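The values are calculated or read from the model by the stated rules, or taken from the named source; none is laboratory data. None of the values given here were measured: they were computed from a predicted structure. Counting neighbours? That spans all protein chains shown, and the Cβs are built from the backbone with ideal geometry, glycine included. Heads up: the accessible areas ignore ligands, DNA and RNA and are worked out on the full protein's heavy atoms, side chains in. Shrake-Rupley method; radii C 1.70, N 1.55, O 1.52, S 1.80 Å.
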Amino acid sequence: MRTLPGALIVSSGEKGRDMLCGVLTDMGAGDISTVTSGAEARRGFADADWQVILINTPLSDEFGHELAVFAAGSTGAGVVLLVKAEMADEVAVRVEDAGVFVVPKPLNRALLFGAVKLAQAANRRIMGLQRQNNILQQKIDDIRLVDRAKCALIQYRLLTEPEAHKYIEREAMDSRRTRREVAQAILRMYEGGC
């Protein structure tokens with residue numbers, strides 16, 4: 001069974017916290033943190049990289065659905081919101097666009113287990129997309145840097161754009177550096193920095 005690296009339980013009641021800790025422990029969770037209010041939870045979002053956040057409504061300082069939407073939008077965690085059965089459908093309509101899973105109370109252990117598993121899967125998907133986004137952002141930054149270096153070569157060495165491109169490619173190959181490193185060196189030379 002895959003372990004749950006980081007879980008946050010937000011529950012005002014001690015009985016609810018203990019029960020949720022037990023479920024997560026049964027699922028193999030190693031690092032479980034608990035808080036008792038929405039305000040405390042919001043402060044905790046910045047402190048750790050949670051994989052799953054369980055919110056047991058109502059909380060002492062708010063109901064919890066706004067916290068769930070905030071958590072889903074500001075963290076990569078899968079968020080599970082526990083709501084009384086008679087309110088579950090109404091609350092689900094409010095939070096489903098944010099990707100929050102709603103589980104009705106009283107809790108069915110199997111249903112909660114399934115929701116936590118789905119939240120874990122959502123977290124893994126989000127983390128994968130964030131990694132891809134970081135790679136693409138780095139490529140965009142590299143292209144911008146190389147383009148700036150080409151502009152410097154065009155301005156200071158009076159090269160054409162194809163000549164500047166070829167110069168950077170050749171310099172990278174001959175010196176066994178990346179195009180980014182060559183572009184940085186060119187910008188340091190001609191612009192005094194990068």
Give all pairs with beta carbons closer than 8 Å in which a residue from the stretch 161-176 that is more than 12 Å from Ala149 (Cβ to Cβ) meets a residue that is in a helix (DSSP H, G or I); count only pairs at least 6 apart in sequence or on separate chains.
Glu163/Leu153; Ser175/Val182
Looking at Gly128, is it in a loop (DSSP other than H, G, I, E, B) and under 23 Å from Ala46 (Cβ atoms)?
no
Of (1) without any contact (Cβ under 8 Å) to a residue 12 or more places away in the chain; (2) touching a helix residue (DSSP H, G or I) at 6+ places or on another chain (Cβ under 7 Å); (3) of a type in the set (A, V, I, L, M, F, W, C); (4) in a helix (DSSP H, G or I), Leu111 fails just (2)
Of the conditions (1) at pLDDT 95 or above; (2) open to solvent by less than 40 Å² (accessible area, probe 1.4 Å); (3) of a type outside the set (Phe, Trp, Tyr), Glu169 clears all except one; give me its number.
(2)
Go through the stretch 133-152 and report how many residues are loosely packed, with under 11 Cβ neighbours inside 10 Å and in contact (Cβ under 8 Å) with a residue 12 or more places away in the chain.
0
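Taking the conditions exactly as written (touching a residue at least 12 places away in the same chain (Cβ under 8 Å), part of a helix (DSSP H, G or I) and in contact with a strand residue (DSSP E or B) (Cβ under 7 Å, 6 or more places away or on another chain)), does Ala122 satisfy them or not? Working first, answer last.
Working: touching a residue at least 12 places away in the same chain (Cβ under 8 Å): yes; part of a helix (DSSP H, G or I): yes; in contact with a strand residue (DSSP E or B) (Cβ under 7 Å, 6 or more places away or on another chain): yes.
Criteria met by Ala122.
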Mind listing whichever residues of the stretch 83-110 are open to solvent by 50 Å² or more (accessible area, probe 1.4 Å), aliphatic (A, V, I, L, M) and either at pLDDT 90 or above or farther than 21 Å from Leu59 by Cβ (or both)?
Ala85, Met87, Val93, Ala110
Checking the condition touching a residue at least 24 places away in the same chain (Cβ under 8 Å), of a type outside the set (D, E, K, R), under 17 Å from Arg188 (Cβ atoms) and open to solvent by 80 Å² or more (accessible area, probe 1.4 Å), which residue from Gln155, Gln130 passes?
Gln155
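Quickly run through the stretch 173-184 and pick out the residues that are assigned to a helix (DSSP H, G or I) and either within 13 Å of Asp142 (Cα to Cα) or open to solvent by 80 Å² or more (accessible area, probe 1.4 Å) (or both). Outline the logic, then answer.
Of the residues in the stretch 173-184, the ones assigned to a helix (DSSP H, G or I) are 173-175, 179-184.
Selection gives Met173, Asp174, Arg179, Arg180, Glu181, Val182, Ala183, Gln184.
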If I go through the stretch 23-54 residue by residue, how many of them are buried (at least 17 other Cβ atoms within 10 Å of the Cβ) and part of a strand (DSSP E or B)?
7
Positions within the stretch 113-151 being touching a Phe, Trp or Tyr at 6+ places or on another chain (Cβ under 9 Å) and at pLDDT 95 or above, in sequence order
Ala149, Lys150
